[in-house]
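What follows is a short report on a single structure.
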Amino acid sequence: MSIEIKVPQLPESVADATLVTWHKQVGQAVTRDENLADLETDKVVLEVPAPVSGVIKELRIVAGTSVTSGQVLAVLEEGAAAAAAAAKPAAAAAAAPAAAKAAATAPAKNEGDKLSPSVRRMVEEQKLDPAKISGSGKDGRITKGDVVEYLDKPAAAAAAKPAAAASAPAVGAAGRQDQRVPMTRLRARIAERLLEAQHTQAQLTTFNEIDLKAVMDLRAKYKDNFEKKHGVKLGFMSFFIKAAVEALKKFPTVNASVEGNDIVYHEYYDIGVAVSTEKGLMVPVLRDVDLQSYADIEKNIGGFAVKAREGKITLDDLTGGTFSITNGGTFGSLLSTPIVNMPQSAILGMHATKERPVVVNGQIEIRPMMYVALSYDHRIIDGREAVQFLVTIKDCLEDPARLLLSV
């Protein structure tokens with residue numbers, strides 16, 4: 001029986017999606033729930049799972065096409081997988097001469113079907129054979145990290161350079177050239193929102209620094225017992241989130257947003273944590289963090305990291321949020337001015353922790369110091385509030401007992 005594969009129901013806020021890539025071609029067998037294609041919206045990448053096992057009979061939409069909810073993407077012949085598998089040896093024997101002739105190009109095509117746009121671009125630029133790269137992603141997919149690791153191997157790098165040089169067009173004595181690549185929908189939407197935030201809000205950034213010795217000592221003392229009891233590692237983000245909640249309670253305007261000529265004060269604390277993925281920056285939201293324990297926060301952050309890595313972040317995960325935290329320190333950033341994630345009114349920027357000499361009780365000591373930044377909408381948040389908000393976070397982290405006593 002033939003079954004139509006349709007675009008899943010898209011959220012109300014999403015008008016259409018782009019079919020990025022097909023993972024299966026006509027004649028290939030599929031199993032139930034296997035991902036057939038990737039659909040990219042303005043916010044996330046959605047998978048199109050096979051409703052039943054069978055064989056792809058027809059692909060009606062080509063990659064790169066915009067599609068809408070309910071639109072037919074392909075036709076699947078149900079229950080044909082076994083027949084296809086049985087016919088495979090005979091077909092292979094009959095087609096042996098042709099297969100030998102096409103052997104040089106077939107692996108690259110099959111492997112290329114599994115590549116994300118950014119990875120495919122890297123592979124094409126370096127003139128690499130995807131079949132020779134080991135994939136560490138879901139279902140063996142190749143990630144950008146896999147390509148970089150492959151290129152770090154001397155033999156691979158040596159092979160890639162001559163191939164690229166041989167196929168590069170002659171563009172002048174210096175051999176310089178440009179490559180024009182269209183933005184993905186997600187990247188274009190990120191760019192649009194960042195510009196919108198800067199053009200709409202009166203953004204300003206204030207800075208402070210935090211001595212993290214007390215937090216690091218506390219974590220070192222209890223991290224083993226914490227992991228043994230809760231089954232998750234005790235990180236630093238949970239401390240910052242708890243400190244942020246205390247500061248938001250003290251300065252509710254930082255937790256507010258602007259709607260028209262009104263200021264909306266949110267009496268709940270949904271904090272977005274920025275996550276960098278292959279497809280761009282995403283900010284999944286931790287709901288009601290004031291009611292969550294340190295273990296709950298760490299588990300939820302870990303869960304979002306896994307979903308982001310596997311491309312399973314949903315629109316619900318990204319919707320809402322009253323305040324955001326971004327950690328540029330994971331990439332080595334020492335100082336930055338983060339952009340507010342509208343319609344929120346502020347964002348906290350964490351940075352790399354570095355040992356620096358500081359004066360403590362009249363003595364010079366080496367302490368683990370971190371610069372923190374708060375970018376905020378000056379239309380509703382005064383400088384005094386922004387500075388004292390950061391001071392509150394500083395006080396909570398330099399004396400973690402405050403987090404337990406809410407003082």
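The values are calculated or read from the model by the stated rules, or taken from the named source; none is laboratory data. Bear in mind the structure is a predicted one, so any value in this text is a computation, not a measurement. When we count neighbours, we look across all protein chains shown, and the Cβ atoms used for this are built from the backbone with ideal geometry, even at glycine. We work out accessible area using only protein heavy atoms, side chains counted, and drop any ligands, DNA or RNA first. Shrake-Rupley method; radii C 1.70, N 1.55, O 1.52, S 1.80 Å.
May I ask you to work out the translational diffusion coefficient for the range 1-65 at 20 °C, viscosity 1.002 mPa s, via Stokes-Einstein with Rh from the Kirkwood sum over Cα pairs, reported in whole µm²/s? Rounded, D is 173 µm²/s.
When ligands, DNA and RNA are left out and all protein chains stay put, how many square angstrom of accessible area per residue does the range 265-407 have with a 1.4 Å probe?
Dividing the accessible area of the range 265-407 by its residue count gives 48 Å².
Residues whose amide H lies under 5 Å from that of residue 30, counting only those 5 or more places away or on a different chain, are 54, 55, 56; hydrogens are built 1.01 Å from N in the peptide plane. The phi-based Karplus calculation (6.51 cos²θ - 1.76 cosθ + 1.60; θ = phi - 60°) puts the 3J(HN,Hα) values of the range 23-39 at 9, 9, 10, 4, x, 8, 7, 9, 10, 4, 6, 6, 6, 8, 7, 10, 10 Hz, whole numbers, x for Gly and Pro. Report, by chain and number, residues whose modeled amide H sits under 5 Å from the one on residue 143, excluding near sequence neighbours (fewer than 5 apart, same chain). The list, which skips near neighbours in sequence, is 136, 137. The count of lysine pairs in the range 278-407 that are at least 8 places apart or cross chains, and whose C-alpha atoms lie under 18 Å apart, stands at 5.
In the range 242-288, carbon and sulfur make up what percent of the accessible area (probe 1.4 Å)? All intermediate terms of the calculation are to be shown ahead of the outcome.
Working: 980 of 2140 Å².
In the range 242-288, the share of accessible area belonging to carbon and sulfur is 46 percent.
Here the convex hull built on the C-alpha positions of the range 199-286 has a volume of 171 cubic angstrom per residue.
Note: relative contact order over the range 200-280, using C-alpha pairs below 8 Å and six or more positions apart, is 14 percent. Dividing the alpha-carbon radius of gyration of the range 266-407 by the rule-of-thumb value 2.2 N^0.38 Å gives 1.14. Taking a straight Cα-Cα cut-off under 12 Å and skipping sequence neighbours fewer than 8 places away in the same chain, the aspartates and glutamates within cross-link reach of residue 213 are 355, 365, 398, 399. Note on the range 317-381: with neighbouring protein chains present and a 1.4 Å probe, carbon and sulfur make up 55 percent of its accessible heavy-atom surface.
Mind checking the range 229-301 for chymotrypsin sites (Phe, Trp or Tyr not before Pro) that DSSP puts in a loop (not H, G, I, E or B) and that have at most 15 other Cβ atoms within 10 Å? Let's see the in-between values first.
Values: sites: 236, 239, 240, 265, 268, 269, 294; in loops: 236, 268, 269.
Answer in residue order: 268.
Using θ = phi - 60° in the Karplus curve 6.51 cos²θ - 1.76 cosθ + 1.60, the 3J(HN,Hα) couplings for the range 269-274 round to 10, 10, 9, x, 10, 5 Hz; x is entered for Gly and Pro.
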